Structures are given as structure tokens and as C-alpha cells.
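Where a number appears in this text, it was derived from the coordinates with a stated rule and is not lab data. Small disclaimer: the values here were computed from a predicted structure and weren't measured. Quick reminder, even Gly has a Cβ in these numbers, built from the backbone with ideal geometry, and neighbours come from all protein chains shown.
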Amino acid sequence: MYFQFNGQSQQRLEIVVRHLLKQLVFQLDEIPDQLELAYDLSQQDGQEAEDATFVTELKNAFQQFTTVYLFIDGLDRCEEHTQHALCQILQQLSRARLRLFLTIAKNATGNSHIARNKALRELLQGTRPVDIAATPDDIKRYVENQVQKKARNCTQKARIIEAITSAPAEQYGLHFCLSNSLGFSWLNFD
């Protein structure tokens, strides 16, 4: 699941839960009865199922698997209440089954989003981050690739690449954290 800062209206908790549930249900042999019932009611009466129904069904579907790999990129880009509620739901899932890979940005002062989000701290409790930084060569290759795709003027391309890649490496803000104790992982980007 990828969160975009400019797509927060589409990243509400009920939509996120339904997307996660859909991914699990696609892997099952049969659609759970409660989901079929919720669908039938919506078709007959236009009656929408409660959000709690989808959360319950997410937990039930999760139990059908021995291991679930969940990749959440940019959790810090969705609204605070969505982050908090999603972390609480993830805490209710079996840690023995869940392999969570999570990216989170650090702010300009280098502080992680984790520090100010209690539910996220609790979710990641017992994990150990490892910082990984992109090299200037990695950044230069990435910038060159993006500029080649988007810049029209050859003179502009060289100036853009030089201006970006000549900045000190700390300004790039591409730091990653990775932890996998208890099957949980996260990446931090600034």
C-alpha cells in the first residue's frame, strides 16, 4: 500500500481497510459469508456495511494465512487519525503471522514520525532500526534518470543535475531505517 501526501482524501481508514481486505480475499478460495451478506445488502437496499464489519473481516481473513506480508509505504503521508487507527488495527493482528514493512519519513531536524505517534511506537515496540543512506552516486543516477525523462532542453538538464547533485549529501534526505525483529520492519525517509 502506497500513501501519497497529496492523496490524503483517498487514504481514509475505511478505504485503507477495504483495500487490505480485498488483497487478502483475492487469495482465498471463497468469499467470506459476512462479505457476501454485506454486498447483498448494499445491492438490495443501498445499505452500506459498518466500518467495524470490514475490520472484523480483515482480522478473520488474516487468520486464514500462515504469513501475511504487508508493505506500507509513506505511512506518515496519511492523516494523523488514519495513521493512529491503522496502527491500532495492525496491533490486533498476530505478530507471528504478520511481516510488516513500513516506510516513514524523518522531518528536517532528523526526528522520526515515530516519536510523536504513540500507536506507531507501540506497534513497532521491540524492533531495532538500522539506518541506511543513499550515496551521492545513487542520487545522481536517480536525478539524471528523472531529468532525462522530464526536462526538454539539454542545457537545462545539465544545470538541473549539477545544482541538485552538488548539494551536501545531508540535504538529499534519503535515509532508510530497517528492522525485522518480531517480523516487523520499517524504513525512514527524510
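Candidate cross-link partners of Lys22 among the lysines, defined by an alpha-carbon separation under 27 Å and a same-chain spacing of 8 or more, comprise Lys59. Once backbone amide H atoms are built at 1.01 Å from N, Asp73 has Tyr2, Phe3, Thr103 as its partners under 5 Å, excluding neighbours fewer than 5 places away on the same chain.
Can you sort Lys118, Lys149, Lys140 by how many other beta carbons sit within 10 Å, fewest first? Listed from fewest to most nearby Cβ atoms, that is Lys149, Lys118, Lys140. The ranking of Thr135, Thr82, Thr53 by Cβ neighbour count inside 10 Å, starting from the fewest, reads Thr135, Thr53, Thr82.
For Tyr39, Tyr142, which order do you get if you count the other beta carbons within 10 Å of each Cβ and list the fewest first? Intermediate results must be reported in sequence, preceding the final value.
Values: Tyr39 12, Tyr142 15.
By the 10 Å Cβ count, ascending, the order reads Tyr39, Tyr142.
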